[in-house]
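Asks: Once you've had a glance at the structure underneath, I'll fire off some questions.
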Amino acid sequence: MNHLITEKSDYLRAHAHQPVDWYPWGEDAFQKAWNENKPIIISIGYSSCHWCHVMARECFEDPAVAKIMNQHFVCIKVDREERPDVDQLYMDSILLTGRAGGWPLNCFALPDGRPFYGVTYLPKKQWVALLERIARLYHEKPDEVREMATKLSQAMQQLDSTLLAELPPKPTPPQILWEEVFQNLLRDIDWIWGGEWSQTKFPTPSRWIFSLRVGILLNKPELVRATHLTLQKMASGALFDPIEGGFMRYSTDRQWRVPHFEKMLYDNGLLLALYSEAYRQTPLPLYKSVIEKTAQFLLEKMRLSDGLFAASLSAESEGEEGTYYAWSFDELKEILPETELQKVFFTAYEVSPEGNWMEGYNLLYRALEDEAVAERLGIAPDKVRALLEAAHERLRTRRQARPAPPRDEAAIISWNSYAVIGLVEAYKTLGEKAYLYAARQAIHALLPGNTSDLNRIHKEDHWYGEAFAEDYAALAVALIHLYTVTGNELYLHKALAIVEKSIELFYEPKEGVFCFTAKNLRIYPVRRKDIFDTSTPSSNSLFAEALWRLSKYFQRADFEEKVQIILARLRRQMAENPTLASHFLQVALLEEKATFSVIYRGEHFHPFWQRYEPAIGWTGWLLHAETEVPAFKSYASYPPEKWFLCTYGVCLPPVDTLPDLWSALEREKQRLA
């Protein structure tokens, strides 16, 4: 038993009985390193990480390996879900040395926490060799080690400043280099399999949402085509689970056929929003199925008893990765004995006795789409779809008898906010009230009562842990989304309070951007600025969106100025690295191109969402004459069932019906063209 035994994290507690003398991140570990003049091993992972478990079994549970680690190092275990700030620092340190990042992330650092070397997964023999080499280097050539740490720390301190453009002398709307953005977005598209041209493919929902919107608004049909190609290929590959719904973490191959099997809450919330928006633009049956099954996955597999959502499902079950999702040929023949059903299913999914994954095992990826299966077998496409869904239900029943992958029960604010956004967008698209109910229940569990101070994680009936910029920003955006489908102004006021608190905690006026950690949180070596989108939007881009939208509702010129400064500082990155700055580009598109807004006075707003219209940047739903939102006060005296179309700060006379609103919009588009 080591020092992790009292920790709340499932990931940390899983290491509590290992022979390694693990410490949690904190002063005790650093003081021990100082007192004993030992380097530190900072090992970072998370509960559903397959290779984290592999390295734990191979290395950290081995007494001989643990003896070397305990003798020569002070060992710290970090759950990246609890401390994304620590993960960000040490991940950047390994990337700056030119090595690939990933988890488990194992960094070697001086007693003051400054890293000098890092690796990801290593098998036992290589890990032991590295431990011995680092231990010798630290004691025999301490000056060389300190020089490595100093150079790396200097590079980390300079990293943010090299990524940001100069602070503008005064806030002005940024002039985005749209043609350069388009060229760089189109350069890396895989036009056969969708996604980026890479052997390892991640979903990157922010990129494809932006590509869809900008492709329509600025008439770039190739971006719209790339978006739909990607969404169809992702949904047809084994990245998507057609049995129980939900997406896996990423694909290990170009064709989306062999995933890395953990299911993360943030991926599924953001992808649910992406497919919902895409379905409103192009109502394909495939997208509808993905929306329904992903929402079902969230509600059935990830929802906790208090209405919040769990962090993830592990890649492993029974100590093996992916076995929960794989099928033998004989098992499938037993479950689907009918000739026609079996023929349709095996044809659609390329099932074989040899297996299409590991020897003897098949993953469910679509080798042929419904129409191609129908043509090959001489039956109607609708019948193919019906037979496949019948097969999915049988496989669902059989799979639920298997030992399920462990679930990480931690409910994280930012990740839950992405789930809320996804459910709101799914409700807009399909009108399923269960989605709205679940979103409202989750958001009320997330709200901190009469205060705007947040803790990051809810577990075992209480909140704990420092909340970071991404938590505040994502929650504010989720609240604004929820307002748009309820008309409840409380959500807007809560979002405003959270953003104002965020400015107090995270905003650097001299820099014009937000830091990732609060001003009162001590963390080596520098307060980083979360700039680039990864699997989730960066906190600065989320704040930019929240500030932009709230500036409209509350008529806050100071918020608008902050948006313009943030976008100006990221102008170069948006043009040169649009994939990594795609959520900033979404905000820039709102600022520059989505010039219309709609305010509705009445009770029946939902039909508005059935039309996809990215030219409308923001919407207001005024339920009652008594409003505390400044942007709505001049409309409060109107009778119900009035629609107002506004552009460039001027509103047209109200109209009585939604068709009249759309007619007015088309006339204004032509006038402004």
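The values are calculated or read from the model by the stated rules, or taken from the named source; none is laboratory data. Because the structure is predicted, anything quoted here is derived from the model rather than measured. All Cβ positions, even for glycine, are placed from backbone atoms using ideal geometry, and neighbour counts span all protein chains on display.
Asks: Out of curiosity, is Leu521 buried (at least 22 other Cβ atoms within 10 Å of the Cβ) and assigned by TED's automatic domain parsing to the domain that holds Asn416? It would help to see each step written out before you state the result.
Replies: Numbers: buried (at least 22 other Cβ atoms within 10 Å of the Cβ): no; assigned by TED's automatic domain parsing to the domain that holds Asn416: yes.
Here the answer is no, as Leu521 does not meet what is asked.
Asks: Give the residues of the range 542-594 that are free of Cβ contacts under 8 Å to residues at least 24 places away in the same chain and of a type in the set (S, T, N, Q), sorted by residue number.
Replies: Ser551
Asks: Same structure again: Of all residues being charged (D, E, K, R) and in contact (Cβ under 8 Å) with a residue 12 or more places away in the chain in the range 133-165, which is farthest from Leu580 (Cα to Cα)? Just the residue, please.
Replies: Narrowing the range 133-165 to residues charged (D, E, K, R): 133, 136, 140-141, 143-144, 146-147, 151, 160.
Applying the additional criterion that residues be in contact (Cβ under 8 Å) with a residue 12 or more places away in the chain yields 146, 160.
Numbers: Arg146: 33, Asp160: 14 Å.
Applying the filter and picking the extreme gives Arg146.
Asks: Checking the condition over 24 Å from Ser312 (Cβ atoms), surrounded by 15 or more Cβ atoms within 10 Å (Cβ to Cβ) and among the charged types (D, E, K, R), which residue from Glu393, Glu350 passes?
Replies: On the way: Glu393 fails: surrounded by 15 or more Cβ atoms within 10 Å (Cβ to Cβ).
The conditions single out Glu350.
Asks: Has the range 261-269 got at least one residue that is in contact with an Asp or Glu (Cβ under 6 Å, 6 or more places away or on another chain) and buried (at least 24 other Cβ atoms within 10 Å of the Cβ)? If you could, list the steps in order and put the result at the bottom.
Replies: Just the residues of the range 261-269 that are in contact with an Asp or Glu (Cβ under 6 Å, 6 or more places away or on another chain), to begin with: 261.
Next cut, buried (at least 24 other Cβ atoms within 10 Å of the Cβ) only: 261.
Yes, that holds for at least one residue.
Asks: Let me confirm something: among Trp22, Trp51, which residue is modelled with pLDDT under 95 and not assigned by TED's automatic domain parsing to the domain that holds Arg456? Lay out the reasoning, then the answer.
Replies: Working: Trp22 fails: modelled with pLDDT under 95.
Exactly one residue qualifies, and that residue is Trp51.
Asks: Within the range 11-22, can one find any residue that is assigned to a strand (DSSP E or B) and either surrounded by fewer than 22 Cβ atoms within 10 Å (Cβ to Cβ) or not aliphatic (A, V, I, L, M) (or both)?
Replies: Our first condition is that a residue be assigned to a strand (DSSP E or B); within the range 11-22, this holds for 22.
Next, from what is left, pick out any that are either surrounded by fewer than 22 Cβ atoms within 10 Å (Cβ to Cβ) or not aliphatic (A, V, I, L, M) (or both): 22.
Yes: the range 11-22 contains one or more residues that are assigned to a strand (DSSP E or B) and either surrounded by fewer than 22 Cβ atoms within 10 Å (Cβ to Cβ) or not aliphatic (A, V, I, L, M) (or both).
Asks: Tell me yes or no: at least one residue of the range 271-281 is touching a strand residue (DSSP E or B) at 6+ places or on another chain (Cβ under 8 Å), assigned by TED's automatic domain parsing to the domain that holds Gly431 and not in a helix (DSSP H, G or I).
Replies: Narrowing the range 271-281 to residues touching a strand residue (DSSP E or B) at 6+ places or on another chain (Cβ under 8 Å): 271.
After this cut, where a residue has to be assigned by TED's automatic domain parsing to the domain that holds Gly431 as well, the list is 271.
Subset that is not in a helix (DSSP H, G or I): none.
Taking every residue of the range 271-281 in turn, none turns out to be touching a strand residue (DSSP E or B) at 6+ places or on another chain (Cβ under 8 Å), assigned by TED's automatic domain parsing to the domain that holds Gly431 and not in a helix (DSSP H, G or I).
Asks: Confirm whether Glu27 is at negative phi, modelled with pLDDT under 95, surrounded by fewer than 21 Cβ atoms within 10 Å (Cβ to Cβ) and assigned by TED's automatic domain parsing to the domain that holds Thr150.
Replies: Working: at negative phi: yes; modelled with pLDDT under 95: yes; surrounded by fewer than 21 Cβ atoms within 10 Å (Cβ to Cβ): yes; assigned by TED's automatic domain parsing to the domain that holds Thr150: yes.
Yes, satisfied.
Asks: Now for a separate question. Between a first residue in the range 46-65 that is more than 18 Å from Val128 (Cβ to Cβ) and a second residue that is part of a helix (DSSP H, G or I) and acidic (Asp, Glu), which pairs have beta carbons less than 8 Å apart while being 6 or more apart in sequence or on different chains?
Replies: Ser47/Asp10
Asks: Pairs please, first residue from the range 496-513 and under 13 Å from Glu561 (Cα atoms), second anywhere and basic (Lys, Arg) and part of a helix (DSSP H, G or I), Cβ atoms under 7 Å, 6+ apart in sequence or on different chains.
Replies: Gly512/Arg569; Val513/Arg569
Asks: Output the residue which, of all residues in the range 642-651 that are under 22 Å from Arg611 (Cβ atoms) and modelled with pLDDT under 95, is surrounded by the most Cβ atoms within 10 Å (Cβ to Cβ).
Replies: Initially, the range 642-651 is screened for residues under 22 Å from Arg611 (Cβ atoms), giving 642-648, 651.
Narrowing the set further to residues that are modelled with pLDDT under 95 leaves 647-648, 651.
Values: Thr647: 18, Tyr648: 8, Cys651: 14.
That would be Thr647.
Asks: When the range 334-349 is examined, which residues are found to be acidic (Asp, Glu) and outside any helix (DSSP H, G or I)? Quick ask: steps written out before the conclusion?
Replies: Filtering the range 334-349 down to residues acidic (Asp, Glu) leaves 334, 338, 340.
Result: Glu338, single match.
Asks: Which one is surrounded by the most Cβ atoms within 10 Å (Cβ to Cβ) among residues in the range 549-564 that are hydrophobic (A, V, I, L, M, F, W, C) and within 18 Å of Trp621 (Cβ to Cβ)?
Replies: Kept after step one, since they are hydrophobic (A, V, I, L, M, F, W, C), are these residues of the range 549-564: 550, 554, 557, 559, 563.
After this cut, where a residue has to be within 18 Å of Trp621 (Cβ to Cβ) as well, the list is 550, 554.
Numbers: Leu550: 24, Phe554: 17.
Result: Leu550.
Asks: From Leu122, Leu159, which residue is surrounded by 15 or more Cβ atoms within 10 Å (Cβ to Cβ), in the same structural domain as Met55 (by TED's automatic domain parsing) and part of a loop (DSSP other than H, G, I, E, B)? I'd like the intermediate steps shown before the answer.
Replies: Numbers: Leu159 fails: part of a loop (DSSP other than H, G, I, E, B).
Checking each option against the conditions leaves just Leu122.
Asks: From the list Lys293, Lys301, pick out the single residue that is closer than 17 Å to Leu430 by Cα and surrounded by fewer than 24 Cβ atoms within 10 Å (Cβ to Cβ). Talk me through it step by step, then tell me what you get.
Replies: Values: Lys301 fails: closer than 17 Å to Leu430 by Cα.
Within the list Lys293, Lys301, the selection yields Lys293.
Asks: May I ask you to list the residues in the range 392-439 that are without any contact (Cβ under 8 Å) to a residue 60 or more places away in the chain and either charged (D, E, K, R) or closer than 27 Å to Ala473 by Cβ (or both)?
Replies: Hits for the range 392-439 are Glu393, Arg394, Tyr427, Lys433, Leu436, Tyr437, Ala439.
Asks: Restricting to the range 221-250, give me the number of residues that are among the basic types (Lys, Arg) and in contact with a strand residue (DSSP E or B) (Cβ under 6 Å, 6 or more places away or on another chain). Walk me through how you get there before you give the answer.
Replies: Of the residues in the range 221-250, the ones among the basic types (Lys, Arg) are 225, 233, 249.
Restricting the remaining residues to those that are in contact with a strand residue (DSSP E or B) (Cβ under 6 Å, 6 or more places away or on another chain) gives 249.
Residues meeting the conditions: 1.
Asks: Something else about it: Identify, from the list Ala636, Ala615, Ala588, the residue that is crowded, with 20+ Cβ neighbours inside 10 Å and among the hydrophobic types (A, V, I, L, M, F, W, C). Talk me through it step by step, then tell me what you get.
Replies: Details: Ala636 fails: crowded, with 20+ Cβ neighbours inside 10 Å; Ala615 fails: crowded, with 20+ Cβ neighbours inside 10 Å.
None of the other options fit; the residue is Ala588.
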